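Take a look at the structure below.
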Amino acid sequence: MRVCAVDLKGNEANLVLLDSENDLFSVPDCRAKKINVPSPESQESIQHFHRTMSKLVEDYQVETIVIRERQTKGKFAGSSAGFKMEAVLQLIDGVEAEVLPNNIMKQTLKRHPIDVNLKELGLKQFQEHAFLTACAYCNQDKK
């Protein structure tokens with residue numbers, strides 16, 4: 001199974017691909033680590049984001065997009081740009097898109113801790129939350 005985990009921060013989508021097979025994970029190379037939507041209020045920018053993500057999903061044969069849940073209110077609430085980008089991801093044809101709730105993510109990572117060095121995997125620090133989201137998603141149904 002190949003998932004593309006997405007952590008939306010402001011007008012950026014931080015991405016990590018993760019392959020999961022027989023309880024083994026691998027992080028394949030991906031041409032995009034981050035996709036910036038310069039003006040999320042513009043229809044053109046949102047359509048460009050949709051085309052870019054659709055092509056990435058197709059090229060890398062992604063089965064599921066997993067989006068890290070963001071708060072809807074309070075100090076750490078997600079921006080309107082992030083919610084637009086989330087909707088775009090959910091509308092990509094031919095791929096499942098799920099929002100992974102924070103409480104499920106925390107519980108799963110507590111049961112199945114991830115102890116790896118991001119640099120050894122070829123990931124950048126800004127991809128950490130996307131990576132943890134992918135790991136939690138792949139481990140969530142395991143006891």
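Each value in this text was obtained by applying a stated rule to the coordinates, not by laboratory testing. Please read these numbers as outputs of a predicted model, since none were measured by experiment. Counting neighbours? That spans all protein chains shown, and the Cβs are built from the backbone with ideal geometry, glycine included.
Taking other Cβ within 10 Å of each residue's Cβ, how do VAL37, VAL16 sort, fewest first? Intermediate results must be reported in sequence, preceding the final value.
Numbers: VAL37 22, VAL16 27.
Sorted ascending by nearby Cβ count, the order is VAL37, VAL16.
Classify the range 1-102 as rounded, prolate or oblate from the Cα gyration tensor: take a ≥ b ≥ c as the square roots of its eigenvalues, call it rounded if a/c is under 1.5, otherwise prolate when a/b beats b/c and oblate if not.
Judged from the Cα gyration tensor, the range 1-102 comes out oblate (a/c at least 1.5, b/c at or above a/b).
Would you list ARG2, ARG68, ARG111, ARG31 from fewest to most Cβ contacts within 10 Å?
With the sparsest Cβ surroundings first, the list reads ARG31, ARG111, ARG2, ARG68.
What net charge is computed for the residues neighbouring ASN102, neighbours being all others with C-beta under 10 Å from the C-beta of ASN102, Lys and Arg scored +1, Asp and Glu -1?
Result for the neighbourhood of ASN102: +2.
What value, in deg cm²/dmol to 500, does the helix sum -39500 (n - 2.57) over DSSP H runs of n ≥ 4 give at 222 nm once divided by the residues of the chain?
Theoretical 222 nm ellipticity from helices: -11000 deg cm²/dmol.
So how do PHE49, PHE131 line up by other beta-carbon neighbours within 10 Å, fewest first?
Ascending number of Cβ neighbours within 10 Å: PHE49, PHE131.
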